[in-house]
Amino acid sequence: MPAEARVPASLLIGSVRIAPATVLAPMAGVTDTVFRRFIRNASLFSHSVASENSATDFTQGVKASISNQQSGCGLIITEFTSADGLSRMRESKRKRYLTFYEDEHPIAAQLFGSDPETLAEAARIVEDAGFDMVDLNLGCPAKRVVSCNGGSGLLRDLPLIGKIFERVRAAVNIPFTVKFRLGWNDDNIVCVELAKLAESSGLNAVALHARTREQGYAGQARWEWIGAIKQAVRIPVIGNGDIRTPEDACALVAKTNCDAVMIGRAAPANPWIFRQIAEYTATGRYTQTTEIDRYQLIRTYFSMLLEEDYPDATGKMKQFASWFTHGVPGGAGLRKSIYEARTGIGIIEAVERFFAPRLSATLGEVDEPIAAFLS
């Protein structure tokens, strides 16, 4: 792998150090506090996890894992939150929307809305809550958001965006960033102009999802526009769109010279992608996941939901089942048993029944460290 293709080891967004330069994208209905912490833990990387077929190497790799400050996911971002709703909520209710834990730092809270003063007030709330950064959503293509002139709907009104930038920047001291798309459609590509506006307004970084609002999530992300923005501004540029593998992440950096990569939809299907990017950057190769990994992934996430009394934990488990069982031989049967279970405990029992014979066949005589790890 050529040196110029490596994902950067770190970047500074304002005074906040992001290491490595990888970002978990904000995703509605996905990036709540449980999933964010889950990604942080799944992202631990160790050089000793090299032999996926060896039970001994596997347990040694777990014990030798190094910190997320050295590898894995460098920055996580919340689900987007309505600035209008946040400013109107009672403080007790706000805490539910803005809950995060110490091991989530550095963490950014993402806001959407269209009123400059309301967004400024919401940004102050975010800063007071202890977030490291505040991010403005100018990328969401959902009709219900766009109809309120939020998300990518604002891309048709650069003067209003300028006022929002000005008010929010004046309201907070923490780094202020923005995530946006190319423009409303191919006849309205505004991303370079918008990035320049962000820089001149004192924002600390920009992130581009290289599709238009009209595209939604269809078609191919046009990375060349990420490169165009990188050439146009001096603040950090984060690239997003069609990063499904470590090779994709490095290819994006090689093509655009962007300062960091942001990963969205690939993360629920492959929560190890950040670890794999770190490993690929360090060694030029990365460890493929095994059935043990997949089992532990499902069991850990589902157990976290139950332990934290997550609202509608069973619904959340069923939502993630299709992602987490992707690529598992016989996964359709596992999904069916998960969908048919009526309780969270019932779902975990279905997972145990499905994987038990597979793990026995893979590991043979299960030794004590592995048994403890899987218990």
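Here are the numbers for the structure shown:
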quantity: Euclidean distance between Cα centres, region 161-198 to region 209-287, Å; calculated: 20 Å
quantity: 342, 6 arranged by Cβ crowding within 10 Å, fewest neighbours leading; calculated: 342, 6
quantity: Overall Cα dimensions of region 195-328, principal axis frame, Å, largest first; calculated: 46, 37, 28
quantity: Region 160-268: GluC sites (Glu not before Pro) falling in loop per DSSP and having at most 16 other Cβ within 10 Å; calculated: none
quantity: Computed log₁₀ I(q)/I(0) - Debye formula, equal Cα scatterers, no solvent, region 157-248, q 0.14, 0.20, 0.24 Å⁻¹; calculated: -0.50, -0.95, -1.23
quantity: Cut-off of 10 Å, at most 15 other beta carbons, DSSP loop: longest stretch of the chain lacking such chymotrypsin sites (Phe, Trp or Tyr not before Pro); calculated: 218-375
quantity: Principal semi-axes in Å for the chain [√(5λ), Cα gyration tensor, largest first]; calculated: 36, 24, 18
quantity: Counted charge near residue 182, where neighbours are those whose Cβ lies closer than 12 Å (Asp, Glu -1; Lys, Arg +1); calculated: -1
quantity: Antiparallel DSSP beta bridges within the chain, percent to nearest 5; calculated: 10 percent
quantity: Sequence-distant lysines (8 or more away, or on other chains) whose Cα lies within less than 30 Å of residue 163; calculated: 93, 95, 143, 179, 196, 230
quantity: Rounded to 10°, Cα long-axis angle of helix 313-324 versus longest principal axis of the chain; calculated: 80 degrees
quantity: The chain: most fluctuating residue of 236, 311, 106 per GNM, C-alpha cutoff 10 Å; calculated: 311
quantity: Sorted by Cβ density within 10 Å, fewest first, the residues 234, 213; calculated: 234, 213
quantity: Between 0 and 90°, nearest 10: helix 33-42 axis offset from the chain longest Cα axis; calculated: 60 degrees
quantity: Packing-based exposure ordering (other Cβ within 10 Å, fewest first) of 143, 316; calculated: 143, 316
quantity: The chain: angle of helix 291-307 to the longest principal axis, Cα-based, in degrees nearest 10; calculated: 70 degrees
quantity: Given charges at beta-carbon only (K, R positive; D, E negative), |dipole| of region 299-360 in Debye; calculated: 340 debye
quantity: Computed helical MRE - 222 nm, the chain, DSSP H runs ≥ 4 contributing -39500 (n - 2.57), nearest 500; calculated: -14000 deg cm²/dmol
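Where a number appears in this text, it was derived from the coordinates with a stated rule and is not lab data. What you see is a predicted model, and the numbers here were worked out from it, not measured in a lab. Because the Cβ atoms are built from the backbone with ideal geometry, glycine has one as well, and the counts that use them run over all protein chains shown.
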